[in-house]
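K.L.:
Take this structure, written in structure tokens, and hold onto it; I'll ask about it next.
The values are calculated or read from the model by the stated rules, or taken from the named source; none is laboratory data. Everything numeric in this text was worked out from a predicted model, so none of it was measured. Here Cβ is always computed from backbone atoms with ideal geometry, including for glycine, and neighbour counts include all displayed protein chains. Surface areas here come from the heavy atoms of the whole protein model, side chains and all, with no ligands, DNA or RNA. Shrake-Rupley method; radii C 1.70, N 1.55, O 1.52, S 1.80 Å.
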Amino acid sequence: MIRKGRSSDIESVLLVWLAASQQAHHFVPESFWRDHQDTMRHVYLPSSDNYVYLDNHEIIGFYALVENTLAAIFVLPEKQGRGVGKRLIADAKSRCNNLELSVYKRNIASVAFYQRQGFEIIGEEEDPMTGQNQYIMCWQCEQVIDAEQ
């Protein structure tokens, strides 16, 4: 089940974020993720619309939207490969006409996952926080281009 996140979910969401970040981003020191927990807790998550995925009343995944930007999507590593990420993406798509996200270029599995969900690479930039190159990906890119013309 997916529902809107609540302030009481924050610690569970942070556990998902930390575990999944460390697992997916092996090329970034683990200390980086631990050092940014307070920023996630007090800045990023409160400024996003968060949606959590519950399995037996336990939060095992979430995503965060900032307007049409998918700012975060994470699933506990031990719960990955069961369709949770696909359901989270589908829910985000149902709330937006188009979505944009950033994903580390070296996170090959996630890049492939997003491509299977219909996202296209539209650009590349360096993440100033980590120095890692990241792709900018978009779902429904034609609608974004059409809206600007």
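K.L.:
Pick from H57, H42, H25: which residue has the top mean-square fluctuation in a GNM of the chain where Cα pairs under 10 Å get a spring?
P.N.:
Result for the chain, Cα springs under 10 Å: H57 fluctuates most.
K.L.:
For the stretch 47-111, with all protein chains present and a 1.4 Å probe, just round the carbon and sulfur fraction of the accessible area to a whole percent. Show your work: numbers first, answer last.
P.N.:
Numbers: 1350 of 3220 Å².
Carbon and sulfur: 42 percent of the exposed surface of the stretch 47-111.
K.L.:
Per DSSP H run of n ≥ 4, the term is -39500 (n - 2.57); total these for the chain, divide by its residue number, and report the mean residue ellipticity at 222 nm rounded to 500 deg cm²/dmol. Intermediate results must be reported in sequence, preceding the final value.
P.N.:
On the way: 5 runs with 50 residues, N = 149.
It comes out at -10000 deg cm²/dmol, rounded to the nearest 500.
K.L.:
Considering only protein heavy atoms, what per residue accessible area in square angstrom results for the stretch 60-149 with a 1.4 angstrom probe? Walk me through the numbers before you get to the answer.
P.N.:
Details: 4920 Å² over 90 residues.
Result: 55 Å² of accessible area for each residue.
K.L.:
In the Gaussian network model of the chain, springs joining C-alpha atoms below 10 Å, which of S21, S31, S47 carries the largest mean-square fluctuation?
P.N.:
S31
K.L.:
Further question on the same structure: Over the stretch 1-140, calculate the relative contact order: mean separation of alpha carbon pairs under 8 Å at least 6 apart, over the residue count, as a percent.
P.N.:
With pairs under 8 Å counted, the relative contact order is 20 percent.
K.L.:
If you put +1 on each Lys and Arg Cβ and -1 on each Asp and Glu Cβ, how big is the dipole of the chain around its Cα centre, in Debye rounded to 20? Show your work: numbers first, answer last.
P.N.:
Values: 14 positive and 20 negative charges, 127 e Å.
I would put it at about 600 debye.
K.L.:
Checking the a/c ratio against 1.5 first, then a/b against b/c, what shape does the Cα gyration tensor give for the stretch 1-116?
P.N.:
Working: a/c = 1.24, a/b = 1.05, b/c = 1.18.
Rounded.
K.L.:
If I measure Cβ to Cβ between cysteines in the chain, which ones have no partner under 4.7 Å?
P.N.:
C96
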